[in-house]
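First comes the structure, then the notes that go with it.
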Amino acid sequence: MKHNLLKILSAVGLLAYLTGCQSAAEENSTKVAAVTASPAMETFAPSKQKLTNKMQIPGEISGFQQVEIYAKVSSYVRALKVDIGSRVQAGQLLAVLEAPELSSQLSAAKSRLKSQEAIYMATKSTYDRLFETSKVEGTVARLDLEVAEAKRMLILPNFRRQNQPMRRYRIY
């Protein structure tokens, strides 16, 4: 019985193997048929021609280098010497500004300068007269000459200091 059972199992196994190979061959043949049955594509040979399509696209052009400029003081623009986007050189005058506050400060500084200049000239004149008079022995006390010289030396730095605001701004 053992021998018969072995023969039956061998026969069933061989039958299963043969039917399995048969279905795999059918699947391969259907795949080959599907690949060969793909739709045909239209082809063409490229040739040199002029471009006939035009395209308009909105855009914005920006500069390669952009610099922001600010005035040192608040003022009004009197004249603009260059256009936006123009190339400029270092030190080139770009705009002329008008600042009423600075004009009033400048006139006040000039007034103070004239006042200090008058005071300095008066004290210098007094000292010079006393110095010339002191050359004659006994006409002027030594103390009066020293006081006049001290006043002159005290007023001189104030006179120079009043001249400083005039140098700070370049006026055209």
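Quick look at the values:
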read-out: Subset of region 87-107 (residues that are at pLDDT below 85 and open to solvent by less than 60 Å² (accessible area, probe 1.4 Å)); value: Ala99, Leu102, Leu106
read-out: Region 43-76 - residue that is open to solvent by less than 100 Å² (accessible area, probe 1.4 Å) and among the hydrophobic types (A, V, I, L, M, F, W, C) and, of those, nearest to Ser104 (Cα to Cα); value: Val73
read-out: Ala24 being at pLDDT below 85, open to solvent by less than 70 Å² (accessible area, probe 1.4 Å), out of contact with any helix residue (DSSP H, G or I) (no Cβ under 9 Å at 6 or more places or on another chain) and over 30 Å from Leu156 (Cβ atoms); value: yes
read-out: Output for region 108-139, where each listed residue is farther than 30 Å from Ser74 by Cβ and surrounded by 13 or more Cβ atoms within 10 Å (Cβ to Cβ); value: Glu117, Ile119, Tyr120, Ala122, Thr123, Lys124, Thr126, Tyr127, Leu130, Phe131, Ser134
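Okay, residues lined up against (1) touching a residue at least 12 places away in the same chain (Cβ under 8 Å); (2) in contact with a strand residue (DSSP E or B) (Cβ under 8 Å, 6 or more places away or on another chain); (3) within 29 Å of Met153 (Cβ to Cβ):
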position: Val67; (1), (2), (3): no, no, no
position: Lys72; (1), (2), (3): no, no, no
position: Arg78; (1), (2), (3): yes, yes, no
position: Gln92; (1), (2), (3): no, no, no
position: Ser103; (1), (2), (3): no, no, no
position: Leu106; (1), (2), (3): yes, no, yes
position: Ala109; (1), (2), (3): yes, no, yes
position: Arg112; (1), (2), (3): yes, no, yes
position: Ile119; (1), (2), (3): yes, no, yes
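The values are calculated or read from the model by the stated rules, or taken from the named source; none is laboratory data. Since this is a predicted model, take the numbers as computed values, not measurements. Note that each Cβ is placed from the backbone with ideal geometry, even for glycine, and that neighbours are counted across all protein chains shown. Please note that ligands, DNA and RNA were not included when accessible areas were found on the heavy atoms of the full protein model with its side chains. Shrake-Rupley method; radii C 1.70, N 1.55, O 1.52, S 1.80 Å.
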